[in-house]
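What follows is calculated from the coordinates using simple rules that are stated; it is not laboratory data. Just so you know, these numbers come straight off a predicted model, no measurement behind them. Every residue, glycine among them, receives a Cβ derived from its backbone with ideal geometry; neighbour counts consider all protein chains shown.
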Amino acid sequence: ALPASASPSRTLPASAGPVLLNFNECPYGPSPAAQAAARDIVAGSGRYLFALAGELRDLFAQQEGIGKDHVRLYPGSSEPLNRAAVLWTSPGAGLVVADPTFEALGDLAAARGATVAKVPLRADGAHDVRAMAAAAATVNAGLLYLCNPNNPTGSITPAADIAWLLANTPAQTRVLVDEAYLQYSEQRSVIAQVMQRDDVIVLRTFSKLYGMAGLRLGVAAAHPDRLKELASLGDNPLPVTAVAAGLASLRDPGLIAQRNAENAVVRQETIGWLGKRGFTCVPSEANCFVVDVQRDGAAFSAAMAERGVVIGRSWPIWPRRVRVTVGTAAEMARFREAFEAVVSRNG
Ligand code: PLP
């Protein structure tokens, strides 16, 4: 028999419970090695274990080919995202984001009085970088947010478009590239840019492909001056369980390819199934997609939840579309069953 730590089912909810396809979490949880590492470190967690966090930072920097002094770890990528809004947006310095996109940054910037320019995605799901650069000038943007692959669509902004954007943003505008879902895609990271310029900040998280959403670990990569500004809002040591699990994840050579492939198969199966029934999705390279349900998205999500399948929500710009997280093959079978039932009931 496999040791308990090697069994993915150990982390999965009983099939009788609701299927949770709403927060873009990884249904497999931390890898078996990451789980074991987190458990093993608990006895030592009376200490801050700063040296272990240093090891993780150094390994991340080495794997990405960037300097150690260009990497800072946080308990999740939400923290540097929030700090960026606080530091670089204000009533006088706007924010440019795509629409739809991950809203945390825009909501915080708006609450602090910044003008938020929302630029609709192109029809292919890419960020409209030319319109975003123009908007950056209009709102005197201190910050421009580009999520690649994008949440909620999972859609890609091609490297050439990002290169154009970096060459054409106004001088006062920093560019924050959120690569939370990058490992699910076939795209190259822009992280090397942080060695070339001081106005690009790249975020990564262990919450998605590495399955550590509840453990809390994220990375900000940028020029040391930008990292210093982010750090100026206060220190917050990392949970050592997350550091240990993060190290084990980075040291697991096959993990990204395996989970990337697993996710892509289940995602494309589901999108294909929907397409055959006339429900289209924006092309996705992540563990989520947006489907046009051709009726009120909020009501549709509620009807799905009644059938035990909790999917994501709609964005105001697309009220008849909903976001769905890619779960396991078994979970997506339950998704299809519920979807079929809901659309046949509503006609
Ligand atoms: N960025 C994007 C695009 C996300 O979708 C999320 C979470 O859903 C986050 C950042 C924040 O994740 P975390 O704080 O868990 O790293």
Problem set entry | Mean ellipticity per residue at 222 nm, deg cm²/dmol - from DSSP H runs of n ≥ 4 across the chain, formula -39500 (n - 2.57) | -12000 deg cm²/dmol
For this session: When a/c is below 1.5 the answer is rounded, else prolate if a/b is larger than b/c, else oblate, so apply that to the chain with a ≥ b ≥ c taken from the square roots of the Cα gyration tensor eigenvalues.
Result: oblate
Exercise. Non-local amide H neighbours of T280 (under 5 Å, H modeled in plane, Pro and chain starts lacking H): which ones?
Worked result: D292
Seminar exercise, completed: Counting only DSSP loop positions in the range 14-59, the chymotrypsin sites (Phe, Trp or Tyr not before Pro) whose Cβ has at most 12 other Cβ atoms within 10 Å are F23, Y48
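Report the per residue volume, in Å³, of the convex hull enclosing the C-alpha atoms of the range 87-193. Mind dumping the intermediate values first?
Working: hull volume 9.8 nm³, N = 107.
Measuring per residue, one finds 91 Å³ for the Cα hull of the range 87-193.
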Seminar exercise, completed: If amide H atoms are modeled at 1.01 Å from N in the peptide plane, then the residues at a separation of 5 or more from I201, or on another chain, having amide H under 5 Å from its own are V175, L176, V177
Exercise. Residue by residue, what Karplus-based ³J(HN,Hα) values in Hz, rounded to whole numbers, does the range 144-158 have, using 6.51, -1.76 and 1.60 with θ = phi - 60° and x for Gly and Pro?
Worked result: 10, 10, 10, 9, 9, x, 7, 9, x, 7, x, 7, 9, 9, x
Problem set entry | Antiparallel bridge percentage (DSSP; both residues within the chain; nearest 5) | 45 percent
Exercise. How large is the charge dipole for the chain, taken about the Cα centre, if only the Cβ atoms of Lys, Arg (+1) and Asp, Glu (-1) carry charge, to the nearest 20 debye?
Worked result: 440 debye
For this session: Be a star and scan the range 274-299 for residues whose amide nitrogen sits under 19 Å from the point 7 Å along the Cα-to-Cβ vector of R320.
Result: 274-283, 290-299
